[in-house]
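What follows is one structure encoded as structure tokens, with my remarks underneath.
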Amino acid sequence: MAVRPIRITGDPALHTPASPVSAIDDAVLELVRDMEETMAAAPGVGLAAPQVGVGLRIFIWSWIDDDGVRHRGTAINPQLLMAPLPLGDLDDDEESEGCLSIPGERFALRRSPEALLTATDLDGNGFEARATGWLARIFQHEFDHLDGVLYADRLIHPHDKGMAKAIRKKSWGSPGQSWLPGVDHLEG
Ligand code: ZN
């Protein structure tokens, strides 16, 4: 097991659609174990394979809700259905999102309050997970990663400008940058 470097925005791995997983072999099992270790070390509540430079349609999540219940899982070749986006002004406190590939930054973004994830687990079995609230947000965020989309790409005015400024200030946005959880403390 190993913590893997997390790619930072600008790296092509983050901006390229990932490929379906054809077989859950030893390399995939090792990748997911490493992703779990990397997510825990960051720390984060979700991580997608492209964030560690692997262009496969896999994401993981581990999040504790307000009742202290931990939600965790691995989604291989997922599909995601979402309820329509609610209208209304963004709430900068309740709707602020972050990403381990843009560490230390948070911006508000509208997400669907409800999502249905269909995917394959590590044993090769299909499953469905219905999510609301923050877990639904996590699913939408991680699913986007598999299509080469970052939450930065979805921000609206004025948050898109704020994000562009933050990325410029940190000299991100170019290929080949990464950080190592447990060594670099850029998040949390
Ligand atoms: Zn992310």
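The values are calculated or read from the model by the stated rules, or taken from the named source; none is laboratory data. Values in this document were obtained by computation on a predicted structure and should not be read as measured data. Every residue, glycine among them, receives a Cβ derived from its backbone with ideal geometry; neighbour counts consider all protein chains shown.
State the number of residues belonging to the stretch 84-109 that are in a loop (DSSP other than H, G, I, E, B) and within 16 Å of the ligand (Cβ to nearest atom).
Residues meeting the conditions: 11.
In the stretch 154-182, what residues are among the aliphatic types (A, V, I, L, M) and out of contact with any Pro (no Cβ under 8 Å at 6 or more places or on another chain)?
Leu155, Ile156, Met163, Ala164, Ala166, Ile167, listed by residue number.
Please work out which residue is farthest from the ligand (Cβ to nearest atom), limiting yourself to the stretch 139-184 and to residues that are small (Gly, Ala, Ser) and touching a Ser or Thr at 6+ places or on another chain (Cβ under 7 Å).
Gly173
Do we find that Asp34 is assigned to a loop (DSSP other than H, G, I, E, B), of a type in the set (D, E, K, R) and out of contact with any Ser or Thr (no Cβ under 9 Å at 6 or more places or on another chain) in this structure?
no
For the stretch 108-145, which residues satisfy the criterion of being over 14 Å from Trp61 (Cα atoms) and of a type in the set (A, V, I, L, M, F, W, C)?
Listed by number, the residues that qualify are Ala108, Leu109, Ala115, Leu116, Phe127.
Taking into account only those residues within the stretch 54-68 that are in contact (Cβ under 8 Å) with a residue 60 or more places away in the chain and not in a strand (DSSP E or B), which is farthest from the chain's Cα centre (by Cα)?
In this case the residue turns out to be Asp65.
With the requirement that a residue be more than 11 Å from Val149 (Cα to Cα) and of a type in the set (A, V, I, L, M), what does the stretch 1-18 give you?
Met1, Ala2, Val3, Ile6, Ile8
For the stretch 5-44, name all the residues that are of a type in the set (S, T, N, Q) and touching a residue at least 60 places away in the same chain (Cβ under 8 Å).
Thr9, Thr16, Thr38
Looking at Ser62, Ser112 in this structure, which one is modelled with pLDDT of 95 or more, out of contact with any Cys (no Cβ under 9 Å at 6 or more places or on another chain), within 19 Å of Glu187 (Cβ to Cβ) and among the polar types (S, T, N, Q)?
One residue alone meets the criteria, Ser62.
Please count how many residues of the stretch 90-125 are among the acidic types (Asp, Glu), over 15 Å from Ala164 (Cα atoms) and within 16 Å of the chain's Cα centre (by Cα).
Total satisfying the criteria: 2.
Exactly one condition in (1) exposed (fewer than 14 other Cβ atoms within 10 Å of the Cβ); (2) in a loop (DSSP other than H, G, I, E, B); (3) of a type outside the set (Lys, Arg) is false for Leu81; which is it?
Of everything listed in (1) exposed (fewer than 14 other Cβ atoms within 10 Å of the Cβ); (2) in a loop (DSSP other than H, G, I, E, B); (3) of a type outside the set (Lys, Arg), Leu81 misses just condition (2).
Yes or no: Ala13 surrounded by 15 or more Cβ atoms within 10 Å (Cβ to Cβ), out of contact with any helix residue (DSSP H, G or I) (no Cβ under 8 Å at 6 or more places or on another chain) and either over 22 Å from Trp179 (Cα atoms) or not charged (D, E, K, R) (or both)?
Against the criterion (surrounded by 15 or more Cβ atoms within 10 Å (Cβ to Cβ), out of contact with any helix residue (DSSP H, G or I) (no Cβ under 8 Å at 6 or more places or on another chain) and either over 22 Å from Trp179 (Cα atoms) or not charged (D, E, K, R) (or both)), Ala13 does not qualify.
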